[in-house]
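Here is the structure we will look at, set down as structure tokens.
What follows is calculated from the coordinates using simple rules that are stated; it is not laboratory data. All values reported here derive from a predicted model rather than from experimental measurement. We place every Cβ from the backbone using ideal geometry, glycine too, and count neighbours over all the protein chains shown.
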Amino acid sequence: MSKPVATDPRPLIDALRASLQGPVIDREHADYGAARSVWNGLIDRRPAVIARCADTADVVETVRLASEYRPLVSIRGGGHQVAGSALCDDGLVIDLSAMRQVEVDPRRRVARVQGGATWADVDSATQQHALATPGGEVSTTGVGGFTLGGGMALTARRYGLACDNVRSLEIVTADGVVRTVSRDEHADLFWAARGGGRGIGVVTSFDFELHPLGPDVGAVTVFYPYDDAERILRTWAEFAPSLPESVTPQLILWSVPADPQIPEELHGVKAVVALGIYAGPAEEAAGDLAPLRELGTPLLDLSGTTPYLAVQSSVDELFPFGGRYYMKAHGLDTLADEAIATMLEWDARRPTPQSLVVLRTLGGAVARVGADESAFAHRSDRFNLSIDAGWIDPSLDVAAIGWARGMWDALRPHASGGVYVNFAGLDDETGATHEQRYGANQGRLDEVRASYDPAGLFAAAARRA
Ligand SMILES: Cc1cc2nc3c(=O)[nH]c(=O)nc-3n(C[C@H](O)[C@H](O)[C@H](O)COP(=O)(O)OP(=O)(O)OC[C@H]3O[C@@H](n4cnc5c(N)ncnc54)[C@H](O)[C@@H]3O)c2cc1C
């Protein structure tokens, strides 16, 4: 019989403590404050209990007890989702942050990655063999949420999304059963996990395909004068998608960071940043990357050959744990002149130097996967535009969130209509409709979720970002 935890969480906490190897952290526990912190300092949720699972057996036991006691459930991977979806108020957090092991098989070119690992964990292990799989650009980002929502990396046009590189995964479904899932086993779950993986179970490990890359890569980071923004954006509309698939270029409206390696007079100056790496041997990079360096007269050109690990952590310090963040994104089929004008009009009101607008280019390997081959619904978008507000001072909350929402609303007429679940900010986690997130795949995804979780144990996680 169901025993709602909201009324009295004690019996569930006691049962978890009696069963788990890992710590069970309730509100009286000394680690509660740290355990309920996620990357976004804007999030202030107070779960009743956090079960920090030590291994798959702990996850099975936690899911079994959750089925018995029926708390609200959330799952914590890397804790990076800007909406704070890793946490739930008054419920149970299945916390995977102690499950971060990575095993690399260089011969088969496969990495087995536990569900709570970060991209730093993965990249540092795979780079020992000069191998990589498409992963996050900020190394503290979790593999779990990133991959289950899709996962757009700097190598996406060559190697696909992170979810396209999953060969198989191990998942604990709502019935407490550990299932190995691949194209050949539980193919319906495998389909759902790739882009629609919120709320289908707890993924305890992923097997990722690896590609030869690194230890050094050719990388471009060029800061162009902000006065050139309109011209560069207009060029970008046709130019970026026509670049070879070895490059997944980004254009960023930003302010030059106060990095000691950058001349001080440029710190804080608004700029247009062209960014990319060559997905192949560093010595072959120059030709394919050159066009990104020829978009105008740079304020600053930091391009060169650099360790892949350095690229993958190069902006970590600019997005610190505990800062305040809000994010919203659009998919775009085209980048029309009116859309560019609207972008620049709103960009002029960017609230803080830490805020930025990122235009990612898709296509290539991302678009070659059929729209119904996985639950990821945004295969045909040529671009993804994310509006990322960042700030420190809580008195800026309203202004910063208002700016991101305002810009997103203003750009809506130019967008393809889909919502990429990984870039949803606070309150958008339930605001985006299922159709926006999963398009024509929503019906099939609902069926998969219902067949593995008929009682809706993970229903709240499915609604969240
Ligand atoms: C600074 C920054 C940079 C980013 N850069 C990129 C980028 O370049 N490209 C991109 O595509 N995205 C990017 N993102 C978005 C990122 O992909 C999402 O925030 C993603 O959800 C992070 O995963 P996580 O495991 O850390 O999240 P969490 O907050 O832990 O989880 C997010 C969601 O995924 C679920 N989940 C997580 N792990 C598991 C698991 N093992 N099993 C079942 N469910 C799980 C959670 O329940 C939750 O609903 C970035 C985010 C930030 C904050």
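Kirkwood Rh, the chain, all Cα pairs: how many Å? Spell out each step's value before the answer.
Values: mean 1/r = 0.0446 Å⁻¹.
For the chain, inverting the mean 1/r across all distinct Cα pairs yields 22.4 Å.
What length, rounded to one decimal in nm, is gained on full extension from ASP259 through to PHE321, with 0.36 nm per residue of separation minus their alpha-carbon distance? Mind showing how you got there, number by number?
On the way: separation 62, 0.36 × 62 = 22.32 nm, distance 1.79 nm.
Length gained, ASP259 through PHE321: 20.5 nm.
Kindly provide the helix-only [θ] at 222 nm of the chain, computed as the sum of -39,500 (n - 2.57) over DSSP H runs of four or more divided by all residues, to the nearest 500 deg cm²/dmol?
Using -39500 (n - 2.57) per qualifying helix, the result is -8000 deg cm²/dmol.
Between ALA459 and GLU230, take the C-beta separation as r, use R0 = 60 Å, and let me know the FRET efficiency to the nearest 0.05. List each step's numbers first, then the result.
Details: r = 46 Å, r/R0 = 0.76.
Efficiency, from the Cβ-Cβ distance: 0.85.
Which is farthest toward the positive dipole end of the chain among ALA399, ALA348, VAL272, measuring Cα position about the Cα centre, with Cβ charges +1 (Lys, Arg) and -1 (Asp, Glu)?
ALA399
Based only on Cα atoms, what mean projected area does the convex hull of segment 110-202 have, in nm²?
5.8 nm²
Using alpha-carbon pairs under 8 Å, 6+ residues apart, how would you state the relative contact order of the chain in percent?
Across the chain, relative contact order equals 17 percent.
Where the centre of each part is set by its Cα atoms, how far does segment 122-151 sit from segment 218-235, in angstrom?
27 Å
Loop by DSSP (not H, G, I, E, B), at most 12 other beta-carbon atoms within 10 Å: where is the longest site-free stretch of the chain for GluC sites (Glu not before Pro)?
295-465
May I ask you to list the trypsin sites (Lys or Arg not before Pro) in segment 328-421 that are in a DSSP loop and have at most 13 other Cβ atoms within 10 Å of their Cβ?
ARG349
Taking R0 as 45 Å, what's the FRET efficiency between GLU294 and VAL177 from their Cβ-Cβ distance, rounded to 0.05?
Efficiency, from the Cβ-Cβ distance: 0.20.
Can you figure out the FRET efficiency of ALA18 with ASP188, using R₀ = 41 Å and their beta-carbon distance, to the nearest 0.05?
Working: r = 35 Å, r/R0 = 0.85.
Efficiency at R0 = 41 Å is approximately 0.75.
With +1 on the Cβ of every Lys and Arg and -1 on the Cβ of every Asp and Glu, and nothing else charged, how large is the dipole of segment 278-437 about its Cα centre, in debye rounded to the nearest 20?
160 debye
Dipole of segment 216-435 (Lys/Arg Cβ +1, Asp/Glu Cβ -1, origin at the Cα centre): which of VAL357, SER242, PRO257 lies farthest to the positive side?
VAL357
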